[in-house]
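Undergrad: Below you will find the structure I want to go over with you.
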Amino acid sequence: MKKISALCFSLAAFFSLNAQIQVKNNQNPVTWSSTYKSVSASEGEIIISANIEKGWHTYSQRETDAGPIPTSFSFPASNNYELIGKTEETDAHEEFVKAFEATIFVFTDKAEFKQKIKLKGKAGFNISFQVGYMTCNDMMCLPPNTVELSIKVQ
């Protein structure tokens, strides 16, 4: 009986470790990109998109006590622009997430965020900013991640 238990434990540990190694080595289930859209001579919009692999999801900016890290954006202060309002999101939906035993706003397949800006001078500069996020599937969550993106304002 002890040998069977040890064998079962070893197999479970092997498959769990193998799944974790595959995720770490060859998978980042969320790919981020950004573009700039001019709205007028003095205003524009930064559009931030996430493509999310099938079976994975990431979280809304909405704070929750349930546990996941909400998506966040960090734009540095600049003499070239100022933020207008907060970053807006589209298409987040409520879903019961087993990992957190709670109903949470999530994104699956894709996510889109928009940040309006007011230009303080001429266009022709770059804006670098950070996106913080967390991603999970039905079996596990990856550690929170931060990516740096950059767009040209023209």
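Undergrad: Scan the range 84-96 for residues that are under 13 Å from Ile48 (Cβ atoms) and surrounded by 15 or more Cβ atoms within 10 Å (Cβ to Cβ) and report the count.
TA: Residues flagged as under 13 Å from Ile48 (Cβ atoms) and surrounded by 15 or more Cβ atoms within 10 Å (Cβ to Cβ) within the range 84-96 amount to 2.
Undergrad: Follow-up. Can you tell me how many residues in the range 1-58 are hydrophobic (A, V, I, L, M, F, W, C), at pLDDT 50 or above and not in a strand (DSSP E or B)?
TA: 3
Undergrad: Shifting gears a bit: Within the range 88-102, does at least one residue satisfy the condition of being of a type in the set (Lys, Arg) and farther than 24 Å from Gln27 by Cβ?
TA: No, the range 88-102 has no match at all.
Undergrad: Still on this structure: What's the total number of residues in the range 56-90 that are closer than 18 Å to Lys116 by Cα and not hydroxyl-bearing (Ser, Thr, Tyr)?
TA: Residues meeting the conditions: 14.
Undergrad: Are there any strands (runs of 3 or more DSSP E) wholly within the range 89-154 with 1 or more residues that are more than 15 Å from Pro68 (Cβ to Cβ) and touching a residue at least 40 places away in the same chain (Cβ under 8 Å), and if so which?
TA: Because the criterion is at least 1 residues that are more than 15 Å from Pro68 (Cβ to Cβ) and touching a residue at least 40 places away in the same chain (Cβ under 8 Å), the strands (runs of 3 or more DSSP E) in the range 89-154 that meet it are 110-119, 125-133, 145-153.
Undergrad: Do we have any residue at all in the range 111-128 that's among the hydroxyl-bearing types (Ser, Thr, Tyr), surrounded by fewer than 17 Cβ atoms within 10 Å (Cβ to Cβ), under 23 Å from Thr90 (Cα atoms) and under 11 Å from the mean Cα position of the chain (by Cα)?
TA: No, the conditions are met nowhere in the range 111-128.
Undergrad: Tell me the residue from Phe113, Phe107, Phe75 that is closer than 22 Å to Thr31 by Cα, among the aromatic types (Phe, Trp, Tyr) and touching a Phe, Trp or Tyr at 6+ places or on another chain (Cβ under 6 Å), please.
TA: Among Phe113, Phe107, Phe75, only Phe75 is closer than 22 Å to Thr31 by Cα, among the aromatic types (Phe, Trp, Tyr) and touching a Phe, Trp or Tyr at 6+ places or on another chain (Cβ under 6 Å).
Undergrad: Right, another one. Kindly establish whether Ser72 is at negative phi, of a type in the set (S, T, N, Q) and under 19 Å from the mean Cα position of the chain (by Cα).
TA: Answer is yes for this residue.
Undergrad: Okay, moving on. What residue, among those in the range 65-83 that are loosely packed, with under 15 Cβ neighbours inside 10 Å and among the hydrophobic types (A, V, I, L, M, F, W, C), is farthest from Ser128 (Cα to Cα)?
TA: Going through the qualifying residues, I end up with Ala66.
The values are calculated or read from the model by the stated rules, or taken from the named source; none is laboratory data. The structure presented is a predicted model; accordingly, all values stated were derived computationally and were not measured. FYI the Cβ positions are ideal-geometry reconstructions off the backbone, even for glycines, and counts take in every protein chain you see.
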